[in-house]
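A.B. asks: Submitted below is the structure of interest, expressed as structure tokens.
The values are calculated or read from the model by the stated rules, or taken from the named source; none is laboratory data. The structure presented is a predicted model; accordingly, all values stated were derived computationally and were not measured. With ideal geometry, Cβ positions are generated from the backbone for all residues, glycine too; neighbour counts draw on all protein chains shown. The protein model used for the area step is the full one, side chains on, heavy atoms only, and it has no ligands, DNA or RNA in it. Shrake-Rupley method; radii C 1.70, N 1.55, O 1.52, S 1.80 Å.
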Amino acid sequence: MNGLIYLIPIALGLGLLALGAFLWSLKAGQYEDMDGAAERILHDDED
Amino acid sequence: MTDLAVQNSGTIPADSPFGAAEGDYLDHVSALPDGRFSLHLLVEGVHCGGCVRRIETGLAGMPGLDDVRVNLSTRRMSVHWNGQPSRAGDYVRAIQVLGYDVVPFDPGTAIDEHQRRSSELLRALAVAGFAAGNVMLLSVAVWYGHAQGMDEITRDLLHWISALIALPAVAYAGRPFFRSALAAIGGRRINMDVPISLAVLLAAGMSLVQTMQGAQHAYFDSSISLLFFLLIGRYFDHRARGRVRQAAERLLALGRESAVVLTEDGGQLIMAASRIRPGMTLLVAAGARLPADGTVLHGSSTVDASLLTGETMPQTVVTRDPVLAGALNTGAPLTIMATATGDSTVLADIVRLVEASEQKRSRYVALADRLSAIYAPAVHGLAAGAFLGWMVLGGMDWQPALLIAIAVLIVTCPCALGLAVPAVQVVASGRLMQAGVLLKSATALERLAAVDTVVFDKTGTLTEGRPELANGAEINSEDLMLAASIAASSRHPLARAITRAAGLDIVPRQGVHEEPGQGLSLGDVRLGSRVWCGIADQNEDFFLELWLTRDGDKPVRFCFQDRVRQDAMATLAGLRARGLKIEMLSGDREGPAAAVAKELGITTWSARQSPGDKCERLRALQLEGRRVLFVGDGLNDAPALAAADVSLSPSSASDISQNAADAIFQGRLLAPVLLTIDLGRRSRRLVRQNFVLSLVYNVVTVPLAIAGLVTPLIAALAMSSSSLIVVGNALRLAGGKR
């Protein structure tokens, strides 16, 4: 049972990390042009 | 896109008067705090990644340019640059050179508001999802512990951790519901959000009390996963509406009329049509729409008023003739003096008729709203009844009695109900969008399902709205090529029909003279009206026609006809097969209307219908108890579109009609009408199934809850499974038969 002391915070921490990453990417506008993002991957590198 | 729409928003030819005038892009440039400038544009004709790349690389390297980004989903682009604000014009021209038409666009407050709400919902959804997942994980441990004899300290610890995660999450993710519930209570109403908020808050609050007392059960997981599921439904709903609104705004912005005003010092100014005042001198390029009512000062031309009146034949106008706003100048450039603008034009009269019709149309109450009007009080009553019943009759303490009341609120909470309609709507509107149908109104699908009569406009709806060569087979190709090479220099609809019929490789002749309203001449070759070509033949057959005469050769007659849409026959047959009555109301003369009605086997039709007449007819039908779908495109149809129970417009329709219609379909086929009705009926069926499913679920779980048998485990299972079933049922619309 003592393992819970470490494991629960670790699990929650990882979850929070993912939540934070999602919120950051949302704020950075990564979901604003889903169609465009799908196409841009096919472009050759610029210059 | 059809011809009309292209004329409406086509690129500006270099030799037109627009090319010389300075655009008003400066008005739309905004200065950023970091010293840069930005301009937002709507781009027409961006279809794929290739277009995105062409524009972005085409502009890259222009002086001062800092950043250019095209958004393929919304067809918008933003340009950021340093230096002078006036560089905007250079960038816009560079995009136009690449072959894309752009319209400046101010991300207005409405759109900002929508995006802000959309991202608020998404953030709330993310937080609720995170919290629901983690709390559920802890709850599973507790439930397992009940069976395995977990000690009380561990159980309380897990409850406390759940509380730590769930309480802030509920406070954050529940705001959209709390706000709406407070607003409803403030307005002395009850909406669906009141029981939702109550259940979420009570469950969270009571669980906290239970946790403090070291009790066996806590409902944190129910509280937060309830929010999670409801937020999914809310987000779907919001997105479906948003996409539709965006598309509608886009259409409006692209269709916005601008005018070239001649100033007193001889300069030219591009101005929004709304800023024109009577007495101004306007230049109307060939192919442009007239921005205001007026009289012709110089020039002679033909104008096509088919969108205003339904009349297919263009009208000849010369100096001092009156012209109407909204008509299309198909001949030569005209200079007109504006006599009436804005509110006093014929166009504005039509707009007023539309507004009047919209007010008369009784506001349709969506099925879900009608249901929630019954549902919300019932839920409250049940919960209060359970609480009082257990306390008074059952002699229970207030705490366990309250727990039972909360359990009732939670299991009856409209998770499945909240998803039943939005899930079907999102799938249906996605399906329609693939087929080129844009749903503008959220309740349109429901109203479509009830339709039993379909009324069509003729010009531009049943027909393609432009004349086509009808007797091509009788004309030898040499004559056709000669006529086409002469006709290529005119914008007259009949001349254009000849060039279309002749195909692509026509060499336009130099030195063609156009006599507006009469015809074209090149030396002794004439292509034009019967009188102008001096034809003595008195064959009185009514037909749109042109004659080609040459010295020494027999005159050649070209007949034209506004052809019915390719699949009109099949579509009408499909509608009849579904038991729908069909009618046609046309603003055109009897002759052409009768011809189309006969060709399509329409027995009930009337011609020479004014916009008001069309409304009257629809009202008469509605008084007979019929549910009417009106399909029309012209400005003269706009009031009828607003008066009908539900309405459809082709994408070639006038802006006002598209605004008044509930849905817009693209392409040159009529089949989308059939598809839309079918999908409406199927959606109604699915929505009803979903309601029944959630009702069945309630019938099973409510007695359990009232009996006090619903533990957090049962609540969680019941809630999740009913939501998933409803969403799964809605997804059936995406696949399967058409």
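A.B. asks: Quick check: from the Cα gyration tensor, does the range B:142-226 come out rounded (a/c under 1.5), prolate or oblate?
C.D. replies: prolate
A.B. asks: Where does each of B:Glu464, B:Glu120, B:Glu515, B:Glu590 land when they are ordered by accessible area, with a 1.4 Å probe and the largest first?
C.D. replies: Ranking B:Glu464, B:Glu120, B:Glu515, B:Glu590 by accessible area, largest first, yields B:Glu590, B:Glu515, B:Glu464, B:Glu120.
A.B. asks: How big is the C-alpha Rg of the range B:449-501 next to the rule-of-thumb value 2.2 N^0.38 Å, as a ratio?
C.D. replies: So the Cα radius of gyration is 1.67 times the expected 2.2 N^0.38 Å.
A.B. asks: Roughly speaking, what % of Cα-Cα pairs in the range B:626-672 are separated by over 17 Å, rounded to a whole number?
C.D. replies: 23 percent
A.B. asks: May I pose another question? So for B:Trp143, B:Trp547, B:Trp398, B:Trp605, what's the accessible-area order with a 1.4 Å probe, most first?
C.D. replies: Descending accessible area places them as B:Trp398, B:Trp605, B:Trp143, B:Trp547.
A.B. asks: A further question follows. FRET efficiency for B:Arg626 and B:Glu515, Cβ-Cβ distance as r, R0 = 45 Å, nearest 0.05?
C.D. replies: Calculated value: 0.35.
A.B. asks: Shifting gears a bit: Bin width 10 Å, alpha-carbon pairs only: give the P(r) of the range B:424-463 as whole percents, running from 0 to the bin holding the largest distance.
C.D. replies: 24, 43, 31, 2
A.B. asks: How much FRET efficiency would the formula 1/(1 + (r/R0)^6) give for B:Gln115 and B:Ala570, where r is the Cβ-Cβ distance and R0 is 60 Å, rounded to 0.05?
C.D. replies: So the FRET efficiency works out to roughly 0.90.
A.B. asks: Listed highest first by mean packing, meaning other Cβ atoms within 10 Å per residue, what order do B:663-672, B:567-576, B:384-393 come in?
C.D. replies: B:663-672, B:567-576, B:384-393
A.B. asks: Ordered by packing density, taken as the mean number of other Cβ atoms within 10 Å over each peptide's residues, highest first, how do B:145-152, B:456-463, B:608-615 rank?
C.D. replies: The peptides rank, most packed first, as B:456-463, B:608-615, B:145-152.
A.B. asks: Between B:Trp160 and B:Arg175, with labels modelled 7 Å along Cα→Cβ, what's the label distance in nm to one decimal, could you check?
C.D. replies: About 2.9 nm, to one decimal.
A.B. asks: Would you please classify the overall shape of the range B:599-680 from the alpha carbon gyration tensor, given that a ≥ b ≥ c denote the square roots of the eigenvalues, rounded means a/c under 1.5, and beyond that prolate means a/b larger than b/c while oblate covers the rest?
C.D. replies: rounded
A.B. asks: Would you mind classifying the range B:583-727 by shape? Square roots of the alpha carbon gyration tensor eigenvalues, ordered a ≥ b ≥ c; an a/c under 1.5 is rounded, otherwise it is prolate if a/b is larger than b/c and oblate if not.
C.D. replies: Cα axes put the range B:583-727 in the prolate bin.
A.B. asks: Describe numerically, in nm with one decimal, the distance between label points set 7 Å from Cα along Cα→Cβ at B:Trp398 and at B:Gln213.
C.D. replies: Reported label-point gap for B:Trp398 and B:Gln213 is 1.2 nm.
A.B. asks: Using a 1.4 Å probe on the heavy atoms of the protein chains only, list every residue of the range B:34-77 that has 50 Å² or more less accessible area in the complete assembly than in its chain alone.
C.D. replies: Buried-area filter returns B:Arg53, B:Leu72, B:Ser73.
A.B. asks: Under a crude label model (7 Å from the Cα following the beta-carbon direction), how far is B:Leu731 from B:Thr711 in nanometres?
C.D. replies: Between B:Leu731 and B:Thr711, the simple spin-label model gives 3.0 nm.
A.B. asks: Would you please give the FRET efficiency between B:Gln434 and B:Thr603, computed as 1/(1 + (r/R0)^6) with r the Cβ-Cβ distance and R0 = 25 Å, to the nearest 0.05?
C.D. replies: 0.15
A.B. asks: Under a 5 Å amide H to amide H cut-off, with H placed in plane at 1.01 Å, what residues pair with B:Gly326 once short-range neighbours are removed?
C.D. replies: Excluding prolines and chain starts, which carry no amide H, the hits are B:Leu290, B:Ala292.
A.B. asks: Holding the Cα-Cα limit at 25 Å, pick out from B:Lys440/B:Lys598; B:Lys440/B:Lys614; B:Lys581/B:Lys614 the pairs that are longer than that.
C.D. replies: B:Lys440/B:Lys598
A.B. asks: Quick one: what do you get for chain A if you divide its Cα Rg by 2.2 N^0.38 Å?
C.D. replies: 1.90
A.B. asks: Given 0.36 nm per residue, what is the gain on full extension from B:Asp452 to B:Asp678 after removing their alpha carbon distance, in nm?
C.D. replies: The span from B:Asp452 to B:Asp678 would gain 80.1 nm if fully extended.
A.B. asks: Next question. Please report, to one decimal in angstroms, the Kirkwood hydrodynamic radius of the range B:492-624 built from all distinct Cα-Cα pairs.
C.D. replies: Result for the range B:492-624, one decimal place: 18.2 Å.
A.B. asks: So, one more: Would you rank B:Leu282, A:Leu12, B:Leu137 by solvent-accessible area, highest first, keeping every protein chain in place and using a 1.4 Å probe?
C.D. replies: So the residues, ranked largest to smallest area, are B:Leu137, A:Leu12, B:Leu282.
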